[in-house]
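J.: This is the structure, below, for whatever I ask next.
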Amino acid sequence: MADHTAWRESPLAHLYLDPEALLAEADTSLREVPYLTMVGIRVDPGGPAGARLATVLGAALPDRCAATSSHGPHTALWLGPDEWLVVSTDEPEALTEALVDALGDSSGAVIDVSANRTTLELSGPHAREALEKGCAADLHPRRFHPGMAITATVGPVPLLLWQTTPDTYRLLPRSSFAAYLVAWLRDALLEFGLHEDIRCR
């Protein structure tokens, strides 16, 4: 199968996002995780189609706000009572086809939205502090912890915010907002040791 990234360019391809170059003095890093497969799903989770989709993904679709479910390369993020975003490292064509087949003739939708967003990964002991400068959501561990994902705003940028480890967050902005979000995060991280400007190629 052809490499699906060969004909694509990340919305942040013009930036240098080497964590060591950006944050050599700190334990916090910012990097892009480009070309993740993202598939939007709309379906009745309690119906037979929901069960078939869960079989393809290897785990039941999450059933409550902020929940995620993971198995192998796939993670399903809850967006609403009948809506999810599946993030995966599988090829988009193969995963989308498998999910479309599982949906069958049932009401719902399966759409490859991989080009709609990119993924930034912010990690380190100051990651939460930096996000809290511009995120109204309560990110304290008593309320937000690994395995949770929410729709949020960081600075002025709407995105999906997904915590993967105690010190690691994945931010999924629309591609057109990605460069602005990097600039906002750069400013938020200055006090934690950022010592170089992000440079354009």
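J.: What is the ratio of the Cα radius of gyration of the chain to 2.2 N^0.38 Å, with N the residue count, to two decimals? Show your work: numbers first, answer last.
T.: Details: Rg = 17.4 Å, N = 201, 2.2 N^0.38 = 16.5 Å.
Relative to the rule-of-thumb radius for its length, the chain sits at 1.06.
J.: Tell me, what HN-Hα J-couplings in whole Hz come from the Karplus equation 6.51 cos²θ - 1.76 cosθ + 1.60 at θ = phi - 60° for each residue of segment 141-151, using x for Gly and Pro?
T.: Taking θ as phi minus 60°, the curve returns x, 5, 10, 9, 8, x, x, 10, 9, 9, 7 Hz for segment 141-151.
J.: Kindly give the semi-axes, whole Å and largest first, of the ellipsoid equivalent to segment 56-130, taking each as the square root of 5 times a Cα gyration tensor eigenvalue.
T.: Numbers: eigenvalues 129, 46, 27 Å².
Working through the eigenvalues yields semi-axes of 25, 15, 12 Å.
J.: Then there is this: Take the chain, connect every pair of alpha-carbon atoms lying under 10 Å apart with a spring to form a Gaussian network, then pick out the residue of H74, H140, H126 with the largest mean-square fluctuation.
T.: With Cα springs under 10 Å in the chain, the top fluctuation among H74, H140, H126 is at H140.
J.: How far is helix 178-189 tilted off the main Cα axis of the chain, in degrees rounded to 10, range 0 to 90?
T.: Helix 178-189 sits roughly 50 degrees off the main axis of the chain.
J.: Something else about it: Ratio of alpha-carbon Rg to the 2.2 N^0.38 Å globular estimate for segment 97-201, to two decimals, please.
T.: Numbers: Rg = 16.3 Å, N = 105, 2.2 N^0.38 = 12.9 Å.
Relative to the rule-of-thumb radius for its length, segment 97-201 sits at 1.27.
J.: Choose one answer from P73, P173, P45: the residue with the largest mean-square fluctuation in a GNM of the chain with alpha-carbon springs under 10 Å.
T.: Checking each option, the largest mean-square fluctuation is seen for P73.
J.: So, one more: Suppose accessible area is computed on protein heavy atoms with a 1.4 Å probe; arrange E97, E121 from highest to lowest.
T.: From most exposed to least exposed: E97, E121.
J.: Using a Gaussian network model of the chain whose springs link C-alpha atoms within less than 10 Å, name the residue from A115, A136, A188 with the highest mean-square fluctuation.
T.: The residue that fluctuates most here is A136.
J.: In nm, give the distance between the simple-model label positions of K133 and V33, each being 7 Å from the Cα along the Cα-to-Cβ direction.
T.: The two pseudo-label positions are separated by 2.3 nm.
The values are calculated or read from the model by the stated rules, or taken from the named source; none is laboratory data. None of these values were measured; they are calculated from a predicted model. FYI the Cβ positions are ideal-geometry reconstructions off the backbone, even for glycines, and counts take in every protein chain you see. Note: areas computed on protein heavy atoms with side chains; ligands, DNA, RNA excluded. Shrake-Rupley method; radii C 1.70, N 1.55, O 1.52, S 1.80 Å.
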